[in-house]
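One structure is given below, encoded as C-alpha cells.
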Amino acid sequence: MNLYDPQTAPNMSAPRAEFDDEAKRLEVVESFEAEELTSDPELQAIVDFAAQLCGAPVSVVTLLEENQQRFLARKGTEETRTPRGIAFCNHTLGSSDLLEVMDATADERFADNPLVTDPPDIRYYAGQPLVSEEGASLGTLCVIDTKPHAEPLNDFQRRGLEVLAQAALRRLEARRSEIRAQQAIAEREERLRRMIEGVPQIAWSANAEGNFDYFNRRWEERTGAPPPKLADDWRPFVHPDDADEVFAEWERCFAAGEEFESEYRLRMADGRWEWVLSLAVPVSESAGDPVRWFGTLTDIDEVRSALEERDLLAKELSHRIKNIFAVVIGLATLKARKTPEHEPFARDLTQVLRALGRAHEFVRPHQGPVQDSLHGLLASLFSPYDESDGQPRVRVNGFDTPVCARAATPLALVFHELATNSAKYGALSNDAGYVELDAEDRGDAIALTWREHGGPQVEDDGIRGFGSRLVEMSVTGQLQGTWDRHFEPNGLVVELTMAKTALAD
C-alpha cells in the first residue's frame, strides 16, 4: 500500500442504522473483550505514529462502553479512561467521518466540557471513528493537543489517520476472531467432555511420559478410588496374576508408539475382580509433536463368563458326541460278529464314524485350544494311512485356510471316501503308491486337486455308487462347490472347488 496516495487507502465500514440502538451497539463493543487489549503493542505503535503524523502530543485508541470511555492504547497521557458522558467520541457515533475540533473553547459543543474547562485542558481534537465490520460505532483513534491548531489536518494527515484507524480496527477484529475461535474450541471441548463423561467405559488420557492427566467419572464409580496420576499408580488395580504380562505389553507398546490391547481383571470398589478390555492409542496432532495417549476400559466380565460357560458346554457336548460315536461303533462291531454277512457294511460304517470322530476331535478337542486349519484337519483324517515311520502317504500342499466346525463333517465325509476308495482300488492299495493333494487360493473359492500316483491301472466303469453321490452332495451342498473326477494313466484325479464362506464361521 502506498501511504502517500489517498486513493489507495482502505475505506472504513459505514455505520448502520440498526446500531443506533445503544443496546445493540454495546453488544458489539462487548464482543471484543477489549480489556485484554489494553497496552497492546500493535495499538501502541499506532498511537505513537498517529501523534507524530498529526503533530499532537497526545494520541489515544478509545472504546465507548456503557459508562466510560476506555483507552486501549495511549501516548502523552496517564489516564486509562474517562466518564462516558463527557467523551468527545460521543459525537462520532453513527459516522465514519473524521471529527476535527480546532479550538474546543470556541465550539459550543465542548466549551463547557470538564475536559476543556479543567485538566487536561483539551483545545484541539481530531478523532477518526472506528466502525466494526457489521457497522457498529466502537470509538475512535484520536489525537489531542492542549493548544488550539490554526490549520486543520492536511489531506495526507487525514488519510494517514484513516489508514491508522483501519489498522487499529483490524487488530480489534483479529482479537474478536481469536475470541470466537477460543469459544468454538471451548464449546467443542465441552461437548466432547460431556460425551466422554457419559460413555459407559472408563476413559482416560496420558501425556508423552505415560502419566495420566484425565479420567472420566466412571473410574471413581467403578473402582471407588481417586484416579491414578503416575504410570505405575494403576498396578494395584490389576490382578496380581495378570499384572506382569499386562505391564510388559504396555511398556512394549508405549516404547514403540503402537496401539495397546489387553484383557485383565480390574479391582472394583467392593473388592471384586472383573474382566475388562483395555485399549489405548497414541496420538500426535502433527509430525514432531509430543505423543499423547487415549484409552478406554470396557467391562467384559459378563461376556467372558458367558464365553466360559459356552466353552464348558461345548466341551461337554463334544465329549458326549465322541461317546455316541464310540457306542455306535461298538454296536456295529457287535452286530457284525453275530451276523457275519453284515461285516463289510459294519466295517465301512465304523471307518466312516472313526473319520467323523477324528474330524470332530480336531475342531472340538476336549482339552487344549480349538484347531481350525484345513491342513491340520486333512492330516488328522489321513493319519490312518501313514507309513509305519510316520511318513504321510497323502501329501497335502499349498494354500491353507481356517475351517469351521460346520464344514468339518462334509470335509471328513468327502476325503474319507476318496482315501477309502484309494486304499481299496487306487494308489493307497499298495506300498509304493501315494496321493498328492494340492490346495490353491482362487479368490472367493479354494481349489483342491486329488492326484494319485503309483497305484494300479484304473478305468472309469461309469458306475456312480453311494460313495460318489455322497461326495457330490457334500461338495455341492454344504461346501457350495463343484467336483469332477477323471482317470489318467498315473491314477485317479479329482478336482474340487469349495467356497471360502462355506469353510469359515
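The values are calculated or read from the model by the stated rules, or taken from the named source; none is laboratory data. The structure displayed is predicted, hence computed values, not measured ones. We place every Cβ from the backbone using ideal geometry, glycine too, and count neighbours over all the protein chains shown.
The numbered conditions (1) in contact with a helix residue (DSSP H, G or I) (Cβ under 9 Å, 6 or more places away or on another chain); (2) under 30 Å from Ala73 (Cβ atoms); (3) not hydrophobic (A, V, I, L, M, F, W, C) are all true for Asn216 except (2). Of all residue pairs spaced 6 or more apart or on separate chains, those with beta-carbon atoms under 8 Å, a first member in segment 135-148 that is among the basic types (Lys, Arg) and a second member that is in a strand (DSSP E or B) are Lys147/Tyr124. Checked against (1) assigned to a strand (DSSP E or B); (2) within 28 Å of Ala17 (Cβ to Cβ); (3) among the hydrophobic types (A, V, I, L, M, F, W, C), Cys89 passes all but condition (1). Those strands (runs of 3 or more DSSP E) of segment 392-505 in which at least 1 residues are assigned by TED's automatic domain parsing to the domain that holds Leu378 and over 54 Å from the mean Cα position of the chain (by Cα), considering only elements entirely within it, cover 445-453, 482-488, 491-499. With respect to (1) in a strand (DSSP E or B); (2) surrounded by fewer than 18 Cβ atoms within 10 Å (Cβ to Cβ), the lone exception for Leu266 is condition (2). Residues in segment 92-133 that are among the β-branched types (Val, Ile, Thr) and within 19 Å of Ala17 (Cα to Cα): Thr92, Val131.
Is segment 62-74 home to any residue that is β-branched (Val, Ile, Thr) and in contact (Cβ under 8 Å) with a residue 60 or more places away in the chain?
yes
Considering the conditions (1) farther than 30 Å from Asp155 by Cα; (2) at pLDDT 85 or above, Ala34 is excluded by exactly one of them, (2).
Could you check how many residues of segment 159-174 are basic (Lys, Arg) and either surrounded by 19 or more Cβ atoms within 10 Å (Cβ to Cβ) or touching an Asp or Glu at 6+ places or on another chain (Cβ under 6 Å) (or both)?
The total comes to 2.
Among residues of segment 65-77 being under 55 Å from the mean Cα position of the chain (by Cα) and part of a loop (DSSP other than H, G, I, E, B), the one that is surrounded by the fewest Cβ atoms within 10 Å (Cβ to Cβ) is Asn67. Scanning segment 118-156 for residues that are among the charged types (D, E, K, R) and either under 60 Å from the mean Cα position of the chain (by Cα) or under 17 Å from Pro83 (Cα atoms) (or both) yields a total of 4.
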